[in-house]
Structures are given as structure tokens and as C-alpha cells.
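Quick notes on the structure that follows.
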Amino acid sequence: MSSPTRKITPTAIAKASNCLHSWYLECYGDTSQKVELAEGVKLLFERGREYEAERVAELENCQKPEWDGRNLEEGHRKTKELMISGAPWIYQGVLISDQLLGYPDLLQRIEGHSKVGPYTYRPVDIKGHKAVTKKDRLQLLAYARMLELVLGHQVPEGGIWLNTGDIETVDLDRHGPEFDDIVAAMLQIRDEAAATNNFRCGECGMCVWQLYCSEDWKAGRNISLIYGVTGKTAQKYFEKGYRTYLDVAGSSEEEIAARVGIKNPERARITFLLARAWAEGRPVLIRPVSFPTDLPIHFWDIETYEDVTYLHGNIRLHNGAREEKLFFAEDPSQEREVWHQYLDYLARDSEALVYNWADYERGFAVSLWDRYGGNPNGYRHLRDSMVDQCAFVREHFALPVSSYSIKKVAPFFGFSWDAEDAGGLNSEAWYGEWLDTRNPDIRAKILRYNLDDVVAMEVIDRELRRFANTE
């Protein structure tokens with residue numbers, strides 16, 4: 001077991017606000033069961049660090065405490081010395097309390113009076129998003145509570161430096177009770193090994209424990225496997241006696257609505273059908289469905305790198321014929337060229353449907369058209385005849401999947417990606433590597449990944465057509 005003296009970090013508090021089980025695993029889990037972060041996630045973190053460095057470079061008289069990176073007490077002392085000297089900005093200081101440990105992005109000197117001088121400080125965090133989130137506020141509160149021990153007074157506000165360029169002031173007093181409740185629960189888990197429920201939540205995709213939890217859900221037939229039953233919703237089902245998807249499938253939509261307190265009957269009906277799909281291991285029809293059969297169908301998927309759309313993958317089906325086409329930009333300067341090539345290709349059909357997954361491509365199509373124009377007949381198919389395949393599937397079919405992401409739906413129908421680390425963020429990292437190295441194996445990996453995404457849509461369409469014809 002982990003030591004009960006483990007300190008709580010602001011990041012852990014923010015994560016625990018959605019998933020206390022993640023904190024339990026950090027304290028007592030088998031670290032060998034953690035997974036390494038995907039290359040795409042690492043790329044996100046690297047961009048976050050780069051963005052942070054750019055913002056800090058804009059500041060005058062910003063100082064960083066000098067310490068060895070190991071002796072936390074020394075780091076805390078050096079941070080306090082900078083505050084006593086009146087540094088206008090302190091970057092990556094060290095704050096400590098009996099229970100907490102944190103490294104605020106910035107400490108900003110502001111008007112006031114404190115134990116360190118005729119001024120005071122507030123914490124400022126740098127974020128790459130455009131609006132303050134609950135997790136941002138909780139992190140600021142953690143820094144504020146530690147800062148209070150140095151300043152000798154309560155810290156009522158903090159700041160979030162958003163990607164809009166503004167530093168938005170956050171009233172911390174309002175969120176104190178929520179913060180205290182979360183920390184109290186974390187301390188109970190840490191000190192008493194208090195058990196937590198393992199529910200799927202919004203933290204899972206970026207969590208190093210995701211594989212461990214996924215296997216745990218499957219082994220226990222956990223209600224979290226039902227699409228839409230996550231986090232607080234899963235907790236509510238659990239408290240009302242629905243522990244597994246078999247419990248839900250063995251109930252009825254009317255009983256589910258009554259016990260869980262669901263006011264929307266349709267929501268209760270769909271949850272019941274989703275549980276049935278899990279219990280029976282097959283799709284369950286939600287409502288009548290029809291598939292187009294009399295015109296060409298295209299499945300389209302793009303890959304992006306920063307703000308560049310560098311790859312368009314497409315499969316065309318019509319009258320028993322099938323064609324694969326990939327339009328790849330060897331470097332970002334060819335973005336316009338490959339976009340025009342793709343529109344010219346679509347323009348071969350006077351009528352067509354273009355499927356994408358989760359409508360991700362629609363915004364890029366509009367942006368590319370506005371910037372580069374191109375064949376109006378090809379763009380007409382994207383503008384007027386594009387179909388969100390994910391929404392279509394979700395609306396008509398209850399599937400035994402925890403998410404209607406393509407990476408969950410396609411494997412149910414037997415499809416698998418060639419790359420073990422397949423993922424959109426990873427492909428962006430691969431393209432960056434391709435630009436640096438021109439390694440043909442990296443190029444081939446990118447092309448295969450993109451084509452696999454397109455084939456996955458084709459497989460889903462084919463299998464659901466078969467299923468619909470048997471119902």
C-alpha cells in the first residue's frame with residue numbers, strides 16, 4: 001500500500017472532483033497496471049508547456065526560485081524569499097502545507113498587506129482554453145490555501161490566464177465549501193483506505209488507470225459500460241440498486257424511470273435498450289431505420305496537424321464497385337492542393353452522400369472552402385449531403401459499447417486498427433515526426449491509420465445494414 005503521508009496536489013484535487021476512484025488508485029493501486037500516456041496526449045502536454053513558456057516570456061521582472069528540484073522545503077523557502085523581496089511575478093514556485101503540495105504557474109504581487117511585506121500575492125494559472133472551468137477554480141483554491149500560510153491572511157481571489165490573452169479573476173470564496181468537501185473525502189481515502197466506486201467518467205480518456213478500470217468494469221458487468229451512464233448518473237443508478245447492466249436489462253423502462261427519477265420516458269427507454277444490447281451481446285433497434293441504396297456513398301476522414309488539414313481519406317461505394325483514395329500533403333504548404341484534389345474527386349458524382357464520424361469534418365470543410373475555394377460541385381456534396389454517421393447510428397441502434405466513438409463501435413463489429421496506438425492525436429504526432437525525419441515508414445503508418453478510420457466507417461455501415469435486414 002502507498003504511504004498515508006502522500007500529499008495532495010492541485011491536479012489530483014481537480015481530477016478527484018470528477019473521479020475519487022482515481023485518487024484511491026493513486027494511493028493504493030498497483031503501479032505496474034498504469035498505462036503510458038499516448039503520443040498524442042504527450043503532444044498536448046508539450047504544447048501546453050510551450051504555451052505556458054510563451055506567456056511567461058511576456059512578463060517583465062518574472063523570477064523563478066533556484067533550488068535543486070528535490071528538496072521541497074528548500075524550494076518552498078526560496079519561493080518565500082522571492083515573495084519577501086517583492087518579486088512582481090514568481091514562476092513555478094513551491095507551496096506546501098501539512099496536506100497539500102503544489103507548484104503554481106505564477107504568483108502575482110498585488111496591492112494589500114501581508115506577512116511578507118506591504119503587498120500580497122495571488123495564484124495565477126496559465127491555461128490553453130478560453131473559459132475558466134471548475135477544475136481551474138479548484139486548482140487555484142489549492143494554491144490559495146497553501147499561500148495563506150505564507151501570507152498570514154485568506155486569499156480571496158486567483159487568476160486564470162486564458163488563451164484569449166486575458167487573465168480572468170476568479171472569486172475563490174464562493175467555491176471554498178466544494179473544495180473542502182473534496183479534500184476531506186481524499187483525506188479519508190488516503191488515511192483510512194476508504195473504498196470508492198469505480199465508475200466511468202470524463203477523466204478516463206486521459207487517465208493512466210484507464211486499462212485497469214476498463215477490465216474491472218467488464219469483469220463486474222458494471223453499469224458504467226452502458227452508454228450515458230457515467231459519473232454522478234452511474235452513482236445514482238448504483239444507489240437505486242442497479243449495479244450491473246444485467247440489473248438494468250432485467251428491469252423495465254417504467255421501473256427505471258421511477259426508481260432513478262428520470263423524468264424523460266424516452267431517456268429511460270433508451271437506457272433500457274442499451275442495457276439489453278449489453279446483456280444480449282448484439283445491437284438492439286431503437287427506432288425504424290432505412291439506408292440509402294440508389295446513389296454513390298463516400299466515407300470521408302481527415303487528419304490535421306496544428307491548424308493544417310494534411311490528409312483526406314475516402315472510400316466510394318456504388319453499384320458494387322469500391323474505390324479507396326488518399327490525398328496526402330507531403331508538407332503543410334500542400335494543404336490547398338490536396339483539398340482541391342479531394343473536391344475534384346467528389347465532383348465526379350452528380351449526386352452523392354458523404355459520411356463522416358461525429359461531424360468532425362464539417363467545420364474543417366467550411367474553413368477550407370472559405371480559405372481556398374475549389375470545385376463547387378464537389379463542395380456541394382459536403383455542404384448539402386454530408387451525414388454524421390455517428391449520430392445516425394446512435395439514433396437508431398442501441399449497441400453494447402460504452403461510447404459511440406468509432407474506436408469503440410467498429411471493434412464491436414470485428415474491425416481492428418493496424419496500429420496498436422491508433423488515434424487522431426497520435427497521428428498528429430506522427431506527422432510532426434514525418435516532417436522532421438521524412439521516414440517512409442512513418443508516412444505509411446499515417447496513411448494506413450487514416451484508411452483504417454475510413455474502413456471502420458464502411459464496416460459499421462455494412463454490418464448495420466445486415467442487421468437491419470434481419471429485424
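As I understand it, the value is the acute angle between the Cα axis of helix 72-84 and the longest principal axis of the Cα atoms of the chain; what does it come to in degrees, rounded to 10? The answer is roughly 70 degrees. Cα axis of helix 210-220 to longest principal axis of the chain: angle in degrees, 0 to 90, nearest 10? Computed tilt is about 70 degrees.
What number results when the radius of gyration of region 140-249, computed over Cα atoms, is divided by 2.2 N^0.38 Å? Relative to the 2.2 N^0.38 Å estimate, region 140-249 comes out at 1.43. Quarter the surface of the alpha carbon convex hull of the chain and you get the mean projected area, 26.1 square nanometres. Cβ crowding within 10 Å ranks C213, C27, C62 as C62, C27, C213, fewest other Cβ atoms first. Excluding same-chain neighbours fewer than eight residues apart, the lysines reachable from K445 by a Cα-Cα span under 18 Å are K325, K407.
Beta bridges per DSSP, both residues in the chain: antiparallel share near 75 percent. Of interest is the spacing of the C-alpha centroids, which for region 132-166 and region 318-363 amounts to 47 Å.
Each peptide in 227-235, 143-151 was scored by the mean count of other Cβ atoms within 10 Å over its residues; highest first, the order is 143-151, 227-235. Could you state the number of Å between the C-alpha centres of region 431-471 and region 248-287? That distance is 32 Å. Between E111 and L425, the C-beta separation translates, for a Förster distance of 45 Å, into a calculated FRET efficiency of about 0.60. Among F45, F412, a tally of other beta-carbon atoms within 10 Å of each Cβ gives an order, fewest to most, of F45, F412.
Taking 8 Å as the Cα distance limit and 6 or more residues as the minimum spacing, I'd like the relative contact order of the chain as a percentage.
Relative contact order for the chain comes out at 12 percent.
Summarising the amide proton neighbourhood of V170: residues at separation of 5 or more, or on other chains, whose placed amide H is nearer than 5 Å comprise G158, G159, I160.
Let me check against my output: what whole-number percent is the relative contact order of region 63-207, with C-alpha pairs under 8 Å and at least 6 apart? Before the final figure, lay out the partial values.
Numbers: 228 pairs, mean separation 21.6, N = 145.
Relative contact order comes out at 15 percent.
Ordered from longest to shortest, the equivalent ellipsoid semi-axes for region 360-457 are 25, 24, 10 Å, each the square root of 5 times a Cα gyration tensor eigenvalue. Between the listed residues Q33, A365, Y310, the Cα displaced farthest toward the positive end of the dipole of the chain, a dipole computed from Cβ unit charges relative to the Cα centre, is found at Q33. Here, region 273-408 is characterised by an Rg to Rh ratio of 1.03, where Rg is the alpha-carbon radius of gyration and Rh the Kirkwood radius.
If you count the DSSP beta bridges with both ends in region 10-190, what percent of them are antiparallel, to the nearest 5?
75
To the nearest ten degrees, helix 335-346 and the longest principal axis of the Cα atoms of the chain are 30 degrees apart. Among 441-450, 67-76, the peptide with the highest mean count of other Cβ atoms within 10 Å heads the list, and the full ranking is 441-450, 67-76.
Ranked for footprinting exposure by Cβ neighbours inside 10 Å, fewest first, E203, E66 give E66, E203. Note: region 221-281, Cα convex hull, 65 Å³ per residue. Pairwise Cα distances in region 185-260 exceed 19 Å for 41 percent of all pairs. Taken over the C-alpha atoms, region 10-190 has Rg and Dmax values of 16.6, 50 angstrom.
FYI, it's all coordinate maths here, none of it is from the lab. Note that this is a predicted model, so its numbers are computed, not measured. Glycine gets a Cβ as well: all are built from the backbone with ideal geometry, and neighbour counts include every protein chain shown.
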